[in-house]
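K.L.:
Sharing a structure here in structure tokens format.
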Amino acid sequence: MLPMCLDDMLPEDAEGRTIDAIIEKMDVPSMGFKYSETKATGRKPYNPVEMLKLCVYSYFNGVRSSRKIEWKCYRNIEVIWL
């Protein structure tokens, strides 16, 4: 068996691919999204572009709860791909 790639598992017309293409063309840092400053003992911040993709995907799919978004990050192939 060959290991499966996430690109192979996600259809070409998937909503996640569209959101990814649109946000990649945007100049996200000019909109005020930037890395936050952390203390020396803190965790590194997430990429603001990736977080915007996750928020937009969640909004379009009616997921408003941060716990439900977290659950989708573990289970939904489209969100994992983003």
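K.L.:
Just tell me the longest site-free run in the chain, where the sites are trypsin sites (Lys or Arg not before Pro) in a DSSP loop having at most 15 other beta-carbon atoms within 10 Å.
P.N.:
1-33
K.L.:
Lysine pairs in the chain with Cα distance under 22 Å, only those 8 or more apart or on different chains: how many are there?
P.N.:
Qualifying lysine pairs in the chain: 8.
K.L.:
Note the angle between two axes, namely the Cα long axis of helix 48-60 and the longest principal axis of the Cα atoms of the chain, as a number of degrees from 0 to 90, rounded to the nearest 10.
P.N.:
60
K.L.:
Which value, to two decimals, describes the C-alpha radius of gyration of the chain once divided by 2.2 N^0.38 Å?
P.N.:
Normalised by 2.2 N^0.38 Å, the Cα Rg of the chain equals 1.24.
K.L.:
Follow-up. Karplus couplings for the stretch 14-27 from phi (6.51 cos²θ - 1.76 cosθ + 1.60, θ = phi - 60°), rounded to Hz, Gly and Pro as x?
P.N.:
5, 4, x, 5, 5, 4, 4, 5, 5, 6, 5, 7, 7, 8
K.L.:
Rounded to two decimals, what is the ratio between the C-alpha radius of gyration of the stretch 14-59 and 2.2 N^0.38 Å?
P.N.:
1.32
K.L.:
Per DSSP H run of at least 4 residues, take -39500 (n - 2.57); add these up for the chain, divide by its residues and hand me the 222 nm value, nearest 500 deg cm²/dmol.
P.N.:
-14500 deg cm²/dmol
Read-outs throughout are calculated quantities, based only on the coordinates presented, and are distinct from any laboratory measurement. Values in this document were obtained by computation on a predicted structure and should not be read as measured data. All Cβ positions, glycine included, derive from the backbone under ideal geometry; neighbour counts span all protein chains shown.
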